[in-house]
Amino acid sequence: MIPREILKKIRQIEIRTNRLVSETLAGQYHSVFKGQGMNFDEVREYQPGDEVRSIDWNVTARMNHPFVKKFVEERELTLMLVVDVSGSGLFGSRAQSKRELAAEIASVLAFSAIRNNDKVGLLLFSDEVEKFIPPRKGRRHVLRVIREVLFFEPSRRGTDLNEALEFLLRVTPHRAIAVVISDFIGSPAVATGSSRRKLRPQMMLLESLAQASFTMLRQTNRRHDVVAVQIADPFELELPALGRLVLNDAETGEVVEVNTSDQRKRAAFAERQARAQADLARLFRSAGIDAIQLRTDQPYGAELGRFFETRERRRLRG
């Protein structure tokens, strides 16, 4: 039996995100992702106007007459939601935690998918694969996906994107839309000595991510259409002036004290995080992956819509 408060929370997210899906995003989802998969239909004789690149040279040679391969648009796609449930996702300096925003984004995408008759699957990961739900259709299935993203309790607190991507490639042999939803913050192995006692800079994660996951990201994107959604809290981008704060790292358990009254320290932190964000964006571009950052303190509907529009324009340009 699912507790009443959990059902209420899931229903609230369904109502809030379904409105956005109905008004805007379902149609954008269709135009952005449909038509990317093509299935072989038949071989037929060449007709004037057929593209030369569609000629089946093997059949043409056997029949001594030009034949072409005919493909039809793939009508049914699979959306795989690859969601980070590590300890850092529980953080929220505003009313909403990163995990809650991740659940809303997953809900928007999942409802958009089932409105277009696509299947939705879920992969939850920390520094290991925590849970896998095979792709299915239907509202009840999507509500289960939302519940798991919101309330699943992982067995571990760290982050390992490599583990998730390797598992995804094993269980999803056919092309899918793979949306990775994460804050892309973790506890990199390169952090040693005194550097671990400082406020953990995201730059260290990016160095680790580039070393450990860049190849796997690029490899995954060759088979699937990978999209990265970075969930960010404003506190992680710029420190507010709140005096001395004691911060607990949800992934390592470390505790640090930070004097946020020091303007120079705040400026240095903001500059470092800006560089880290730029590095992360370059990493995704190098891997051929479209990426978007969504913040817990800002409405995400318009930003997500603009992201879809940008993808669509680029797809139409070829």
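Readers should treat all values here as calculations from the given coordinates under stated rules, not as data from a laboratory. This structure is a prediction, so every number in the text was calculated from the model and none was measured. All Cβ positions, even for glycine, are placed from backbone atoms using ideal geometry, and neighbour counts span all protein chains on display.
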Computed about the Cα centre, the charge dipole of the chain from +1 Lys/Arg and -1 Asp/Glu charges at the Cβ has a magnitude in debye, to the nearest 20, of 400
Any idea what angle helix 263-286 forms with the longest principal axis of the chain, computed on alpha-carbon atoms, 0 to 90 degrees, nearest 10?
-> 20
Under a straight-distance cross-link criterion of Cα-Cα below 20 Å, which aspartates and glutamates are reachable from Lys70, leaving out those fewer than 8 residues away in the same chain?
-> Asp41, Glu42, Glu45, Asp50, Glu51, Asp56
Given only helices, namely DSSP H runs of n ≥ 4 each adding -39500 (n - 2.57), what is the per-residue ellipticity at 222 nm of the chain, to the nearest 500 deg cm²/dmol?
-> -14500 deg cm²/dmol
Row for the chain, column shape: gyration tensor on C-alpha, a ≥ b ≥ c, rounded if a/c < 1.5 i.e. under 1.5, prolate if a/b over b/c, else oblate; value prolate
Residues in the stretch 82-101, backbone N under 20 Å from the label point at Glu153 (7 Å along the Cα-to-beta-carbon vector): list them, ranges by number please.
-> 84-92, 97-100
Which links in Lys9/Lys131; Lys9/Lys98; Lys98/Lys265 stretch past 23 Å when you go from one Cα to the other?
-> Lys98/Lys265
The chain: relative contact order in percent, alpha carbon pairs under 8 Å with at least 6 residues between = 18
Please give the helix 4-20 orientation as an angle from the longest Cα principal axis of the chain, in degrees from 0 to 90, rounded to the nearest 10.
-> 60
Using alpha-carbon coordinates, inclination of helix 161-171 to the longest axis of the chain, degrees = 30
Sorting Val171, Gly121, Ile6 by the position of each Cα along the dipole of the chain (Lys, Arg +1; Asp, Glu -1; all at Cβ), the one nearest the positive end of that ordering is Ile6
Would you give the gap between the C-alpha center of the stretch 109-126 and the C-alpha center of the stretch 245-318, rounded to a whole Å?
-> 24
Hand me the GluC sites (Glu not before Pro) from the stretch 114-191 located in a DSSP loop with no more than 15 other Cβ atoms within 10 Å, in residue order please.
-> Glu128
Charge dipole of the chain built from unit charges on the beta carbon (Lys, Arg +1; Asp, Glu -1), centred at mean Cα; most positive-end Cα among Ala61, Leu217, Leu77 is Leu77
